[in-house]
Every structure is written in structure tokens, then in C-alpha cells.
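Encoded as C-alpha cells, the structure appears first; notes follow it.
The values are calculated or read from the model by the stated rules, or taken from the named source; none is laboratory data. Note that the structure is a prediction, hence the values are computed from the model and not measured. With ideal geometry, Cβ positions are generated from the backbone for all residues, glycine too; neighbour counts draw on all protein chains shown. These area figures cover heavy atoms from the full protein model, side chains too; ligands, DNA and RNA do not enter into them. Shrake-Rupley method; radii C 1.70, N 1.55, O 1.52, S 1.80 Å.
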Amino acid sequence: DITPFRAEEKKYKSKFPPPDLSQVLDVWALDEDLRDKTLLGPTWSAGGNDLSVPVRPIELRTSDEPVTRSRRGYCVDSHPGLVIIPSCLSPEEQRSLIRSSLENQARAPNETNLDTHYIIPEEGIWNVHVVNREIRELDSCPKITPRAQVQPGSGFRASAEFEPPEPPATSSKRTLIENASGEVALANPSSSPLPQPAPSSSLFAVTPYQLLPKLRWANIGRSYHWGSKAYDLSKELAPFPKDVKDVCTRVVKEVPWDNVWTSEGLEQAPPEEWGTEGPEWNSWPETYEPDAGIVNFYQSKDTLMGHVDRSEVSSTTPLVSISLGNASIFLIGDTTRDTKPLAVILRSGDVVIMSGPRCRRAYHGVPRILEGTLPPHLSSTESEDDWEPFAEYMANTRININVRQVFPRGYDLSQLQSSSS
């Protein structure tokens, strides 16, 4: 028997027939300012407005003039701590974050999934692609060299204990393993770098154009080791991108957390679930400080299997997730796969916040990218002369910027590291 979570994943992955979206929560359909903009293109109908899902609107603390983005978010009381903010980012902000994700985040010093298998130029795969995108003759275009051809056995070693990252070939399913909680994973931090998987020895040199669709993720901030599902504290902390930090801190400050965590005078999570110090949501506008993140680059056939994010010591602080490009189906369940998850449509510019003791430990995933749903403001090249390569790439892409706070503000990391020596 498959679990209820797995059953929903299979339903929304179905190609023939395509999934019915009538039972998918579409908060745009609830919003009086957005409900006339729910069209998802010629292939997909808009999601449903199932009143059996307990959704509460909350007014954001924003004073933008003129109004270029949503001032309203939605809480789902069946998932305490879940906040969905439709159209949270203006079209200009969306373009800016797409641009920086490709130009600035998918390059050194940040790690990407391509680095294990290829020697990527320091300027990054996107910038090399843009410079050479007009060169259509394969023999004339510079090639990206497989790492194994140049550095056989040089510092890259496989280990049975670690899961290799997603191969850069044709696989579209992202396999995930269970990981220990942040406190457990960091109980014995190492001053030595965590072992890296061996580069593939069967790859050939390819052009930037050929390799770009295989870009799947880029680490930002603290280095996340995909094999062990833990943060590699031996590596130097990369500067966290200011534009991403500004958006995330702004959103956390704008959410009225007292309305999120109390409904009709009732606490949405018992104090004992928060740990020894009790609920801390009232301090988040001042103490929230993102220091790690992953920029995910989904192609139209990609999926993300249901998983739990538990590598952070800050286990209840907001995880902020920004959607850009094509729309997707997002599933969020409970702390086991035995609960049927809620399905939500996420469009470009939407922001999801997972916070609190249960929501931050809830299984979630992305079983479907809704192809052909790129909004006009991202496909048009009229407003920016150099937007054409971005529009071309985003036609089949969804970018998700997933941001976390690994350590509470003031956490004594040096003491943690010295205790293991």
C-alpha cells in the first residue's frame, strides 16, 4: 500500500489524463483583487475554491504606494503556521530576482549541482551561455569540460554513507533521503570538509546551451551538503544575497503573526510544542535573519519528492519560499506521510511561509510544474532590451528560492565547533 501523500503525488504527476485541478486550493480565486486573473493558459483550468479547507485572510502590514503587489495573505488553519501570500512580488521584483538567480547565484562562490561533474567557469553557466548563445555551430562554441577528464581522482571520492547529487543527465525526479534534526546533525560538526561524490566518468564536453537545462540548484549562504543533508560548517560562509534577504525579511515583518497564531482567541499550537522557551513568533519581525537558502531551477518535467526540512537548529522560525516563472502544484501534509496533503497552486510572485513546530516539520513537495503558464510580464521583452534570453529560458522553467535561518540570532557557533574538537 502507498501512503496518502504518495498517492497524491502520483495523481498530480499523471500525464494521461492530466490532473484535475478543481480540488487544488487556489488562493487567487479567494482574493477580490486577483480572482479575475486566475487563467493559467490554454492547457490548465484554474484551481478550486473548496470551502472545506479552513482558509483565513490576513491583512499584511504594508504601506506600498502605489499598490503593485498583494496586501493580503491567507492562513490555512489545518496547517498552523502556513501562510500563503499571492502576488507578493511585483512584476519588476520577479524579473529582478530571476535575473539575479541566474546571473549571480548560479555561479562561484556558490555551489551548484553541475560543479560535481563539470568544471564550470567562475562566471557561472548562465553568463557563459548568454555570451555564446548566438553561436549555433557546435564546433565553434566553447565547451564545458567534464571534471573527470581533467581531475581523475583529485579530491573527489565516493562514499557509501552519502547520497550522490542528482546526475546531470536526463533524470527529472529529485530523490531525497531522511535527515536528522539540526541539533543532531550538528552535534559533532567536523572541521574537515564533508566528502564529495565522484564525478561521472561517462560524460562528454558540452556547450553551455546544452548544459544549462541540467542546472537544478544553487546553494546560497551557508553550504548545504546534499549527501548528508547537513550544513558543512567547515566551508567559509558565502555572503547571503542582499536582494533575497531584503524580500524575505520584509515579508516576515509584514505578516501579522498574532493573527496567524491565534484564531478566535485560541492558540494554533500548544506552547509545549515550541520547546523549552515556548512560542517565539512575536519576536520574528526583529530576530528573523536568513543565512542559508537553495535556488531550485525546475524544468517542466521536474518534480520534488515529498520531504521534511530538518537540518536547521532554528526549527520553528519561518522558511520563506518564493515562486518565479511557471506555476506549480505544491503539496503540504503533516509530520508523517500518512496524512493526505493539501494541494495548492503557486504562481509566479507567490510566497509561501512555513513556520512553527508542526508546519516546519511537515512533509511537502512539488509533484507537478504546470507547463505553459509563464505570465506575460515574464515572456515579454518590451520593457527590457536584454530580457530575451531570460524569457526564452523561463518559458519552460520554474525558479524557487527557498530561504531558511539555520541558527537563532546570537547562537554561539564557535562553542559548538570547539565542543567537537
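Overview of results
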| quantity | calculated |
| --- | --- |
| Identity of the residue in the range 203-233, open to solvent by 50 Å² or more (accessible area, probe 1.4 Å) and either part of a strand (DSSP E or B) or not hydrophobic (A, V, I, L, M, F, W, C) (or both), that ends up farthest from Thr145 (Cα to Cα) | Pro213 |
| Selection from the range 196-229 of residues that are among the polar types (S, T, N, Q) and either under 14 Å from Ile119 (Cβ atoms) or more than 21 Å from the chain's Cα centre (by Cα) (or both) | Gln196, Ser200, Ser201, Ser202, Thr207, Gln210 |
| Residue in the range 109-121 that is closer than 19 Å to Leu215 by Cα, in contact with a Ser or Thr (Cβ under 6 Å, 6 or more places away or on another chain) and open to solvent by 10 Å² or more (accessible area, probe 1.4 Å) present | yes |
| Residue within the range 396-414 that is of a type in the set (Phe, Trp, Tyr), closer than 25 Å to Ile125 by Cβ and crowded, with 18+ Cβ neighbours inside 10 Å present | no |
| Residue within the range 77-95 that is closer than 20 Å to Leu60 by Cβ, among the charged types (D, E, K, R) and assigned to a loop (DSSP other than H, G, I, E, B) present | yes |
| Number of positions in the range 291-342 that are over 21 Å from Asp1 (Cα atoms), among the hydrophobic types (A, V, I, L, M, F, W, C) and in contact with an Asp or Glu (Cβ under 7 Å, 6 or more places away or on another chain) | 2 |
| Some residue of the range 360-375 being part of a helix (DSSP H, G or I) and either charged (D, E, K, R) or out of contact with any Lys or Arg (no Cβ under 8 Å at 6 or more places or on another chain) (or both) | no |
| Check on Ala395, at pLDDT 95 or above, within 20 Å of the chain's Cα centre (by Cα) and farther than 30 Å from Gly227 by Cβ | yes |
